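Asks: If you scroll down you'll find the structure; I have some questions about it.
The values are calculated or read from the model by the stated rules, or taken from the named source; none is laboratory data. As the structure is a prediction and not an experimental result, all values here were calculated from the model. So basically every Cβ, Gly included, is an ideal-geometry build from the backbone, and we count neighbours across all protein chains shown. These accessible areas exclude ligands, DNA and RNA; they are computed on the full protein's heavy atoms, side chains included. Shrake-Rupley method; radii C 1.70, N 1.55, O 1.52, S 1.80 Å.
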Amino acid sequence: MSPALETVLAKAGLQVSPDEFLALVADAARRLAPPHPEPATYFTPDQQAALTDVGLDLSPAGPGDAKPRTRTVVAHAVLRDSALTVNEAARQLQVDTSRIRHRLGVGRLVGWKDRGSWRLPAWQFAGTGVLPGLETVLADIPSDQPALVVAAFMTTLQEDLPVDGKPATPRDWLLAGGDPRRVATLASTLGTPA
């Protein structure tokens, strides 16, 4: 296996062998949408007309459009690999596993079921606790937003959340003591057309 891939995985803090990582990528690729979806089929005729009126191209993706799909597959694989199990989260938070399941059930932690077991994205943890202000933020995230969208939002620089005069990720904003209501306000718009 490529020593370069081993180096990249180690630098990213992913505790997985290159073979395991590539197997995760292949598994995610199999489970994602077809390679050349037809975006127009997701919308009603009126919605299609409105979207094309504002300049969106709803034609099917072609073979040359593989990079966004590849990035999504890799993001899914990294999100899954870096996520904690219920047992790992309980150990990190120093609580019983039933507390983790309860928090998942009432929306105080975010996670998804993968092959019958819960997976909890690592971005929501900080040391032996959860991210400061996490409950406030999670309360405003629309329930229809998938874990990958929420993870991308929480780890992407936001102009509206400056730390030391520079844009910060929502996660870094909260770790720096920023007001969680500002993050919650931004998070409440996830999935809403701009």
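Asks: Quickly run through the stretch 104-119 and pick out the residues that are without any contact (Cβ under 8 Å) to a residue 24 or more places away in the chain and in contact with a helix residue (DSSP H, G or I) (Cβ under 9 Å, 6 or more places away or on another chain). Can you show your working first?
Replies: Of all residues in the stretch 104-119, those without any contact (Cβ under 8 Å) to a residue 24 or more places away in the chain come to 104-106, 113, 115-116.
Matches in the stretch 104-119: Leu104 only.
Asks: Moving on to the next point. For the stretch 98-107, state whether one or more residues are surrounded by fewer than 16 Cβ atoms within 10 Å (Cβ to Cβ) and either within 14 Å of the chain's Cα centre (by Cα) or β-branched (Val, Ile, Thr) (or both).
Replies: Yes, that holds for at least one residue.
Asks: With the structure loaded, tell me whether Leu174 is touching a Lys or Arg at 6+ places or on another chain (Cβ under 8 Å), more than 25 Å from Val74 (Cβ to Cβ) and aliphatic (A, V, I, L, M) or whether it fails that test. If you could, list the steps in order and put the result at the bottom.
Replies: On the way: touching a Lys or Arg at 6+ places or on another chain (Cβ under 8 Å): no; more than 25 Å from Val74 (Cβ to Cβ): yes; aliphatic (A, V, I, L, M): yes.
The answer is no for Leu174.
Asks: Then there's this: What number of residues within the stretch 138-171 satisfy the criterion of being among the β-branched types (Val, Ile, Thr), within 25 Å of His76 (Cα to Cα) and either touching a residue at least 60 places away in the same chain (Cβ under 8 Å) or open to solvent by 40 Å² or more (accessible area, probe 1.4 Å) (or both)? Let's see the steps before the verdict.
Replies: Step one: of the stretch 138-171, the residues among the β-branched types (Val, Ile, Thr) are 141, 149-150, 155-156, 163, 169.
Remaining after also requiring within 25 Å of His76 (Cα to Cα): 141, 149-150, 155-156, 169.
From what's left, either touching a residue at least 60 places away in the same chain (Cβ under 8 Å) or open to solvent by 40 Å² or more (accessible area, probe 1.4 Å) (or both): 149, 155-156.
Residues in the stretch 138-171 being among the β-branched types (Val, Ile, Thr), within 25 Å of His76 (Cα to Cα) and either touching a residue at least 60 places away in the same chain (Cβ under 8 Å) or open to solvent by 40 Å² or more (accessible area, probe 1.4 Å) (or both): 3 in total.
Asks: Moving to a separate point now. Filter the stretch 108-137 down to the residues that are of a type in the set (A, V, I, L, M, F, W, C) and open to solvent by less than 60 Å² (accessible area, probe 1.4 Å) and list them by number.
Replies: If we filter the stretch 108-137 for residues that are of a type in the set (A, V, I, L, M, F, W, C), which is where we start, we get 109-110, 112, 118, 120, 122-123, 125-126, 130-131, 134, 137.
Of everything in the stretch 108-137, those that are of a type in the set (A, V, I, L, M, F, W, C) and open to solvent by less than 60 Å² (accessible area, probe 1.4 Å) turn out to be Leu109, Val110, Trp112, Leu120, Ala122, Trp123, Phe125, Ala126, Val130, Leu131, Leu134, Val137.
Asks: When residues of the stretch 1-40 are filtered for being of a type in the set (Asp, Glu), at pLDDT 75 or above and out of contact with any helix residue (DSSP H, G or I) (no Cβ under 6 Å at 6 or more places or on another chain), how many remain?
Replies: Of the residues in the stretch 1-40, the ones of a type in the set (Asp, Glu) are 6, 19-20, 27, 38.
Okay, now just the ones that are also at pLDDT 75 or above, so 6, 19-20.
Restricting the remaining residues to those that are out of contact with any helix residue (DSSP H, G or I) (no Cβ under 6 Å at 6 or more places or on another chain) gives 19-20.
Number of matching residues: 2.
Asks: Also, I was wondering about something else. Sort out which residues of the stretch 113-143 are in a helix (DSSP H, G or I) and either of a type in the set (Asp, Glu) or within 14 Å of the chain's Cα centre (by Cα) (or both), and write them in order of number. Quick ask: steps written out before the conclusion?
Replies: To start, the set of residues in the stretch 113-143 that are in a helix (DSSP H, G or I) comprises 122-124, 134-140.
Within the stretch 113-143, Ala122, Trp123, Gln124, Glu135, Leu138, Asp140 meet the criteria.
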